[in-house]
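Novice: Pasting a structure below so you can have a look.
Please treat every number below as a calculation from the coordinates, not as lab data. It should be emphasised that the depicted structure is a prediction, and the values quoted were computed from it without experimental measurement. All Cβ positions, even for glycine, are placed from backbone atoms using ideal geometry, and neighbour counts span all protein chains on display.
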Amino acid sequence: MQFLKTLFWALLVGVMVAFALNNMTMVPLKLWGTLYADVNLPLLLIVTFLAGFLPTFIALHLTRWRLRQRIAATDRTLADLHRAEGSPTLAADPAPVIQPGATL
């Protein structure tokens, strides 16, 4: 499985390099007013990809971190409840059992 993963990433990088080499043209980018910047097309595509990918990637990792924290807190609470349930110091009064048809 690791071989297929490595092969996939190697092919993806190869396709990206081939695309970048075949499209090495300057693109005029209008900044504001009459100010233009000439930018390589592959660089522009990488920057726009990262501008869309990074916020989503960070949001994913923050959500996963928050959920891990919640699971850890729930596990700690569950462990505390199991310890308290097994301790002999807590003497609970049994609840009265009401028979069916009995009047109160």
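Novice: Around Ala73, under 13 Å between beta carbons, what's the net of Lys plus Arg minus Asp minus Glu among the other residues?
Specialist: Cβ neighbours under 13 Å give a net charge of +2.
Novice: Work through the residues other than Leu62 whose Cβ is under 14 Å from its Cβ and net out their charges, Lys, Arg +1 and Asp, Glu -1.
Specialist: Charge balance near Leu62 sits at +4.
Novice: Calculate the radius of gyration of the Cα atoms of the stretch 15-83 to one decimal place, then report Dmax, the largest Cα-Cα distance, as a whole number, both in Å.
Specialist: When restricted to the Cα atoms of the stretch 15-83, Rg and Dmax are 22.9, 72 Å.
Novice: Also: By how many degrees, between 0 and 90 and to the nearest 10, does the Cα long axis of helix 2-22 differ from the longest principal axis of the chain?
Specialist: With rounding to tens, the tilt is 30 degrees.
Novice: If you don't mind, there's one more thing I want to ask. Which value in deg cm²/dmol, rounded to the nearest 500, describes the helix-derived mean residue ellipticity at 222 nm for the chain, given -39,500 (n - 2.57) per DSSP H run of n ≥ 4 and division by the residue count?
Specialist: Taking each H run of at least 4 residues, the total per residue is -23500 deg cm²/dmol.
Novice: In degrees, nearest 10, range 0 to 90: what is the angle between the Cα axis of helix 41-86 and the longest Cα principal axis of the chain?
Specialist: Roughly 10 degrees, rounded to the nearest 10.
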